[in-house]
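Enquirer: If you scroll down you'll find the structure; I have some questions about it.
The values are calculated or read from the model by the stated rules, or taken from the named source; none is laboratory data. Treat the numbers as computed from the prediction; the structure is a model and nothing was measured. Every residue, glycine as well, gets a Cβ built from its backbone with ideal geometry; the counts of neighbours run over all protein chains shown. Calculation scope for accessible area: heavy atoms of the full protein, side chains included, ligands and nucleic acids excluded. Shrake-Rupley method; radii C 1.70, N 1.55, O 1.52, S 1.80 Å.
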Amino acid sequence: RHASLAAAGAAESATSPAFLSDYDRLEKAGRPRSRYLVYMAPNAEGRAVHPIQLMPSSVAPKGVVFEDFTAEQMSKLISYLGSRLNAEFAKQARVSRDAGGAAVILRMAITQVGVQEKGRKLIDPVPLRLVTGSIRNVTQGKPLQAVATIESRMLDAATGAVLRERLDHVIGADIGRAGDPQTHLTLEALTPAADDWVETLVKVTAPKLD
């Protein structure tokens, strides 16, 4: 099963291992249509983040397979995400190539890709695997949109202590209706979700340098 659990549901705790260190301490934040789950360490507010080391993007858990998205597509999505992150952070932060020269380290992973019925809330207080799924499991005729879960960890470069952990459930493009043989989850449908996530993460992590 996919281990991209977001928050504790009514019947099940979101403690299955995936990428973040502790899913139970994540709290819902953001506006109703753009919510995310986040943990901020008490000493993280106002913390300097320059220079920042960006670790390569990945998928978690390692080797996970998603029903509607091939390994080749995932490799391309990870590459695209990493390229966009590096390009956008370079505009607003001093980026270090090694931990020795960095104040913080940023790690990120894609932990779920899938589809959901168009118009569903981004974050509900249930495990995300109950919200998203494969195309074949959606009621026939329902309009679908591509979705992805991207998780990130910001660590103190000197101590490795967690400063922030964040889980974003991001929406991509509409892909058609369930039951239509032309409806497929594509890389192109997910790149808008990746773009939105990068823009948001850079903004909240590294305010523009003077």
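Enquirer: Taking the stretch 60-106 as the search range and keeping residues that are farther than 25 Å from Thr186 by Cα and part of a strand (DSSP E or B), which one is most open to solvent (accessible area, probe 1.4 Å)?
Expert: Filtering the stretch 60-106 for residues farther than 25 Å from Thr186 by Cα gives 89-106.
Keeping just the survivors that are part of a strand (DSSP E or B) gives 95-96, 104-106.
Details: Val95: 65, Ser96: 16, Val104: 0, Ile105: 18, Leu106: 0 Å².
Among those that are farther than 25 Å from Thr186 by Cα and part of a strand (DSSP E or B), it is Val95.
Enquirer: To continue, here is another question. Mind listing whichever residues of the stretch 172-194 are closer than 17 Å to Arg84 by Cβ and open to solvent by less than 40 Å² (accessible area, probe 1.4 Å)? I'd like the intermediate steps shown before the answer.
Expert: We begin by selecting, within the stretch 172-194, every residue closer than 17 Å to Arg84 by Cβ; these are 172-173, 187-194.
Correct list: Gly172, Ala173, Leu187, Ala189, Leu190, Thr191, Ala193, Ala194.
Enquirer: Here's something else I'd like to know. Quick check on this structure: which one of Arg177, Arg120, Arg136 is at pLDDT below 90 and in contact with a Pro (Cβ under 6 Å, 6 or more places away or on another chain)? Step through it out loud before you land on a result.
Expert: On the way: Arg120 fails: in contact with a Pro (Cβ under 6 Å, 6 or more places away or on another chain); Arg136 fails: in contact with a Pro (Cβ under 6 Å, 6 or more places away or on another chain).
After applying the criteria, what remains is Arg177.
Enquirer: In the stretch 107-122, what residues are farther than 16 Å from His184 by Cα, open to solvent by less than 10 Å² (accessible area, probe 1.4 Å) and among the aliphatic types (A, V, I, L, M)?
Expert: Passing the criteria: Met108, Ala109, Ile110.
Enquirer: Between Ala3, Ala41, which is open to solvent by less than 20 Å² (accessible area, probe 1.4 Å) and modelled with pLDDT of 70 or more?
Expert: Values: Ala3 fails: modelled with pLDDT of 70 or more.
Exactly one of Ala3, Ala41 is open to solvent by less than 20 Å² (accessible area, probe 1.4 Å) and modelled with pLDDT of 70 or more, namely Ala41.
Enquirer: Between a first residue in the stretch 23-36 that is closer than 15 Å to Thr149 by Cα and a second residue that is of a type outside the set (A, V, I, L, M) and at pLDDT 85 or above, which pairs have beta carbons less than 6 Å apart while being 6 or more apart in sequence or on different chains?
Expert: Close Cβ pairs satisfying both conditions: Leu26/Tyr39; Tyr36/Asp168.
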